[in-house]
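Visitor: A single structure is presented below for examination.
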Amino acid sequence: MKWLGRRQSDNVEDRRGLSGGKAVVGGGVIGIVILLLNVFGGETGKTVGNALEQIQGGQQQTEAAAPLSKEDEEMGNFVRVVLADNEDIWSKIFSENGMTYEKPKLVLFRGSVQTACGGASSASGPFYCPGDRKVYMDLGFFEELKTKFGAKGGDFAIAYVIAHEIGHHIQTLMGTSAKMREAQEGKSEAQANKLSVALELQADFYAGVWAHYNKENLDVGDIDEALSAANAVGDDAIQSKMQGQIVPDSFTHGTSEQRMYWFKKGFSTGDIKQGTTFEEIR
C-alpha cells in the first residue's frame, strides 16, 4: 500500500511504550486457539484474558513496557495513515447518505489493555469495543497469523483488519449491532450464531467498500494479502486446523469462502447498500 508521506490520523492512542503494566506472555497452542477463535470479535467486545489466565494458571508474566524500535515507529505511522484513509472515506460516504461520521479511536497496545468492555490480553486478537467506540490492536497478532496459520502477511493484511474493525464501528453508528443483539434474544445458540456471522461478514463487506474507494493507494498484490488474511480466519479453516473437525452451527464469523466473498463484493461494488448479509445468511 502506498502510504509514505500521506496524512496520518490524530486518533491513534499508542500505548505500546507504557510502563508498569503486566502482560500475559506465551500461551502456547491454547493461547493461539483462543486468539484465532476470537479474532475480529468486534460486535460484542468480548475478551478472553481472564479465561486464558484460568486455563494457564501460574503462567509467567512480564512487564508490558518496552521501548519502541524503528520498526515499531514505522508500523505506528502506517496504522495512522490507514486510519486516516478510513476517516476520509467513511466521512464522505456518510455525508453522501445524509449522515455524520463519528471518528473512532484506535489503540495500539502490547500484552494487555483495559477497555470499556473489560480487560483484554493479546490473545483476544484485534477487536472493537462499542462501549468506548475504540478499536484495540496488538500488532504482534499479524506475525502469528502468518507463521502459524498460513496467511501471506504484508501491510495490507493489517489494513484489512483495521478496516474490518472500523466496519463494526459503522454498524454501531448505524444501529445494526444493537438490532442484531436484540434479534439474538430468545434464539437458540445456532440461530444466534448465524446472526453473529451475518454481522461479521458485513464488517468484511465494509472493509471491501473502504478498499474500493482507496484504489489509488493500493499496490499490486494488496487485495491478495487481504483475501489471504480473510481465508486464514474463516471459522472452517480454524476449526479444521485446530480441532480436526468442522462444526457449522458453532460458526460465529463465517467460512473462509464467505469472508472472501463479502470482502470482494464490497471491493467490486463500493455500494454500502449491497451489504445484505442479514438477508442472505440464514
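Visitor: In contact with a strand residue (DSSP E or B) (Cβ under 8 Å, 6 or more places away or on another chain) and closer than 24 Å to Tyr101 by Cα, is that true of His164?
Guide: For His164, the condition - in contact with a strand residue (DSSP E or B) (Cβ under 8 Å, 6 or more places away or on another chain) and closer than 24 Å to Tyr101 by Cα - is not met.
Visitor: On to the next question. Among the listed residues Ser177, Ser122, Ser188, Ser91, identify the single one that is touching a residue at least 24 places away in the same chain (Cβ under 8 Å), of a type in the set (Ser, Thr, Tyr) and open to solvent by 10 Å² or more (accessible area, probe 1.4 Å).
Guide: Ser122 is the lone residue from the list that is touching a residue at least 24 places away in the same chain (Cβ under 8 Å), of a type in the set (Ser, Thr, Tyr) and open to solvent by 10 Å² or more (accessible area, probe 1.4 Å).
Visitor: What single numbered condition from (1) charged (D, E, K, R); (2) without any contact (Cβ under 8 Å) to a residue 40 or more places away in the chain; (3) closer than 24 Å to Gly153 by Cα fails to hold for Asp224?
Guide: Single failed check for Asp224: (2).
Visitor: While we're looking at this one, here's another question. What's the number of the only condition in (1) open to solvent by 30 Å² or more (accessible area, probe 1.4 Å); (2) on the phi > 0 side of the Ramachandran plot that Tyr213 fails to meet?
Guide: So the condition that Tyr213 fails would be (2).
Visitor: Mind checking which residues of the stretch 233-260 are in contact with a helix residue (DSSP H, G or I) (Cβ under 8 Å, 6 or more places away or on another chain), more than 18 Å from Glu189 (Cα to Cα) and in a loop (DSSP other than H, G, I, E, B)?
Guide: Answer for the stretch 233-260, where residues must be in contact with a helix residue (DSSP H, G or I) (Cβ under 8 Å, 6 or more places away or on another chain), more than 18 Å from Glu189 (Cα to Cα) and in a loop (DSSP other than H, G, I, E, B): Val233, Gly234, Gln245.
Visitor: How about the stretch 9-114: which helices (runs of 4 or more DSSP H) wholly inside it have at least 2 residues that are within 22 Å of Gly167 (Cβ to Cβ), touching a Lys or Arg at 6+ places or on another chain (Cβ under 8 Å) and modelled with pLDDT of 80 or more?
Guide: Here the list reads 70-96.
Visitor: Output the residue which, of all residues in the stretch 216-239 that are open to solvent by less than 10 Å² (accessible area, probe 1.4 Å) and among the β-branched types (Val, Ile, Thr), is modelled with the highest pLDDT.
Guide: Val233
Visitor: Phe156: part of a helix (DSSP H, G or I), touching a Ser or Thr at 6+ places or on another chain (Cβ under 9 Å) and open to solvent by less than 30 Å² (accessible area, probe 1.4 Å), yes or no?
Guide: In short, no.
The values are calculated or read from the model by the stated rules, or taken from the named source; none is laboratory data. Since we're looking at a predicted model, the values are computed, not measured. FYI the Cβ positions are ideal-geometry reconstructions off the backbone, even for glycines, and counts take in every protein chain you see. Areas reflect the complete protein model, heavy atoms only, side chains present, ligands, DNA and RNA absent. Shrake-Rupley method; radii C 1.70, N 1.55, O 1.52, S 1.80 Å.
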